[in-house]
1. Between a residue in region 164-190 that is farther than 23 Å from residue 237 by Cβ and in a helix (DSSP H, G or I) and any residue that is polar (S, T, N, Q) and open to solvent by less than 40 Å² (accessible area, probe 1.4 Å), which pairs come within a Cβ distance under 7 Å, given they are 6 or more apart or on different chains?
2. Within region 413-422, identify whether any single residue is in a helix (DSSP H, G or I), in contact with an Asp or Glu (Cβ under 7 Å, 6 or more places away or on another chain), more than 16 Å from ligand 1 (Cβ to nearest atom) and under 17 Å from residue 384 (Cα atoms), and answer yes or no.
3. Does residue 35 fit the bill of being at pLDDT 95 or above and either under 30 Å from residue 272 (Cβ atoms) or open to solvent by 30 Å² or more (accessible area, probe 1.4 Å) (or both)?
4. Being touching a residue at least 40 places away in the same chain (Cβ under 8 Å) and open to solvent by 30 Å² or more (accessible area, probe 1.4 Å) is the filter here, so list the residues in region 446-467 that pass it.
5. Give the number of residues within region 337-354 that are part of a strand (DSSP E or B) and within 15 Å of ligand 1 (Cβ to nearest atom).
6. Does region 547-556 hold any residues that are touching a strand residue (DSSP E or B) at 6+ places or on another chain (Cβ under 8 Å) and either acidic (Asp, Glu) or open to solvent by less than 60 Å² (accessible area, probe 1.4 Å) (or both), and which are they?
7. If a residue has to be out of contact with any helix residue (DSSP H, G or I) (no Cβ under 9 Å at 6 or more places or on another chain) and either within 11 Å of ligand 2 (Cβ to nearest atom) or assigned by TED's automatic domain parsing to the domain that holds residue 106 (or both) to count, how many in region 366-409 make the cut?
8. Only one of these conditions is not met by residue 265: (1) open to solvent by 70 Å² or more (accessible area, probe 1.4 Å); (2) outside the structural domain of residue 307 (by TED's automatic domain parsing). Which number is it?
Amino acid sequence: MKESDILRIFKYLKPYFPMVILVLLATFANAIGELLLPNLMSSIIDIGVTNGDTAYIISVGIKMLIVAFLSMLAMIVSSYFSSRVAMSFSRDLRRGVFLKVQSFTPQQTEKFGTASLLTRNTDDINQVQRVAIMGLRMLIRSPIMFIGGIMMAYRMNQKLSMILLVSMPIIAISIIVIGGKGFPLFKQIQKKTDKINLIFRERLTGLRIIRAFDKEDYEEERFNVANQDYVDTAIRVNTLIVTLLPLVSIVMNLTLVGVVYFAAKLINMDMMKVGELTAFIQYISQILFSLVMFSMMFVIVPSASASASRINEVLDEPVIKHKNELDTPKVANVHLEFNDVCFRYPGAENPAITGLSFTASAGDRVSIIGGTGSGKSTILKLIEGFYDVESGSIKYNGINIEDLDEEVFRDEIGFAPQRAFLFSGTIAENIRFGRDYITDEDVLEALKIAQGYDFVMSLDDGLKSHVAQGGNNFSGGQKQRLAIARAVAIKPKIYMFDDSFSALDYKTDRALRTALSDVTKDAITLIVAQRVATVVDSDKIIVLDEGHVAGIGTHEELMKSCDVYLDIVESQGYEKEVIA
Ligand SMILES: Nc1ncnc2c1ncn2[C@@H]1O[C@H](COP(=O)(O)OP(=O)(O)OP(=O)(O)O)[C@@H](O)[C@H]1O
Ligand SMILES: [Mg+2]
């Protein structure tokens, strides 16, 4: 942990500098007011009451009222604005983290994990916000009350204030010892929160699977273990905190007892007045209380500091951009070329793709078939530029895709992922996906191609029908068709469907491919599929076997030359004439 973590985070306070100054000034005024009150009180007792001087009592009393009122006003101002500053600060911080995460490559997201990113953007930011809110006021208030209190007490009675020389070191040492022990635990607490979130998230996203496999007990056990682990650490942290507080309070009370004991002697010897004692007691309380408050900072600052370093880790991730940002060349005939491409996932032992070469031009339909884990989705991810190839090259319209401006190039791709991703909103919003230039006609057209028009129109609200989070109010095939419509709606240059037809019946599958061929004359279509029926009429079929290319060709060519393809065809009992 670097001490500067929390200071770096507080750079986000910069835009609120004037408000911060206001808070500091108001806190200052409030503290001064509270320091003045006991002094005025002692004058009333020692001068006013002792001499029975009513006029004096009233005049000082009015002064006290005014000081108390102003001090209270200052406190309201400081609380109000410190809250405002802290909230705006945490909002900006969340926005910063969100923007950064949005720019993440898949590797960067994997490095943190979704659950941890969630905790960092919620819990961790809350911790830091709490410090901002307390720190703004405590940081100025405690030192003023502490130093001011000592000065006032010393002025009241020099001898008696020596008692502080005993009690203050005791409190200070216990704070330092306990604070030092606490810090490592705070970091652990955040890590364990991550873990709980991770399991909870998996539980929610895998709900159906967990039920289907009757794994509820297993999941519950897993959750309980993580939960208990968290509780154990939390208990250790809180034990430390609750030892600190009574310790401080015992020292504080013993100090007061001492003060009263010695003051009684001094008053007896006529070396101190009663009013001075009341004021002195209040000053002692203020001094020790400011120490306690300061010790609270020892509790929350390390915890926030652990959070700050976790937030900084996210903010420090570099935005990975490709070296060159060439414009995507506009050519009459789009062209995609894989040239002896090898690729290995970061940290993986075996390559996911080896020696893949093929070309595709406008109007071509290239299908990719192969067993699970054979590298089909990986090929599409490579085209999208999520990962850089290890050797070989991928060229689009003659230019290496690593050199292309990522955003511009991605706009040329219409991609339907293997797991249809829908978010809560309307059907139209899901198909537009933030690309506002897509007209209603295009949305409808896309739905027709995706064979989703009829089912959408049969819904009460049509295009405006509500989609639940994750699209859970639609069937698997309906979700797939909406995801396909989203890919088609931008009229891309490269269509990519990752196993997108798997939940469709054969008839719909065929109708969809026929509709597609009408709009993809000037584009390249890549279809990942498990079913032979889906790929038979492709211009080119790439047969993958555990990352290796087992064969490339048309159905007829592969039937003659590729054993792996023959195996697949036979295992599916496929006969072209029967189904086609
Ligand atoms: N993000 C990743 N990190 C590391 N390895 C990965 C990653 N994604 C996939 N792999 C590995 O790469 C290989 C190819 O995966 P890929 O997703 O391309 O398979 P696939 O052919 O699409 O399979 P499926 O039909 O099951 O979708 C697999 O061995 C898989 O374990
Ligand atoms: Mg896949």
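The values are calculated or read from the model by the stated rules, or taken from the named source; none is laboratory data. Predicted, not measured: the structure shown is a model, and the values here were computed from it. Cβ atoms come from the backbone with ideal geometry, glycine included; neighbour counts cover every protein chain shown. Keep in mind that these areas ignore ligands, DNA and RNA; they rest on the heavy atoms of the full protein, side chains included. Shrake-Rupley method; radii C 1.70, N 1.55, O 1.52, S 1.80 Å.
1. Short answer, once both residue conditions are applied: 167/255.
2. We begin by selecting, within region 413-422, every residue in a helix (DSSP H, G or I); these are none.
Within region 413-422 (the criterion being in a helix (DSSP H, G or I), in contact with an Asp or Glu (Cβ under 7 Å, 6 or more places away or on another chain), more than 16 Å from ligand 1 (Cβ to nearest atom) and under 17 Å from residue 384 (Cα atoms)), the answer is no, since none of the residues qualifies.
3. Values: at pLDDT 95 or above: no; either under 30 Å from residue 272 (Cβ atoms) or open to solvent by 30 Å² or more (accessible area, probe 1.4 Å) (or both): yes.
The answer is no for residue 35.
4. Taking region 446-467 first, the residues touching a residue at least 40 places away in the same chain (Cβ under 8 Å) are 446, 448-451, 466-467.
Result: 448, 451, 466.
5. Looking only at region 337-354, we keep the residues that are part of a strand (DSSP E or B), and these are 337-343, 353-354.
Now narrow it down to the ones that are within 15 Å of ligand 1 (Cβ to nearest atom): 338, 341-343, 353-354.
Going through region 337-354 one residue at a time, the tally reaches 6.
6. If we filter region 547-556 for residues that are touching a strand residue (DSSP E or B) at 6+ places or on another chain (Cβ under 8 Å), which is where we start, we get 547-555.
Passing the criteria: 547, 549, 550, 551, 553, 554, 555.
7. 9
8. Failing condition for residue 265: (2).
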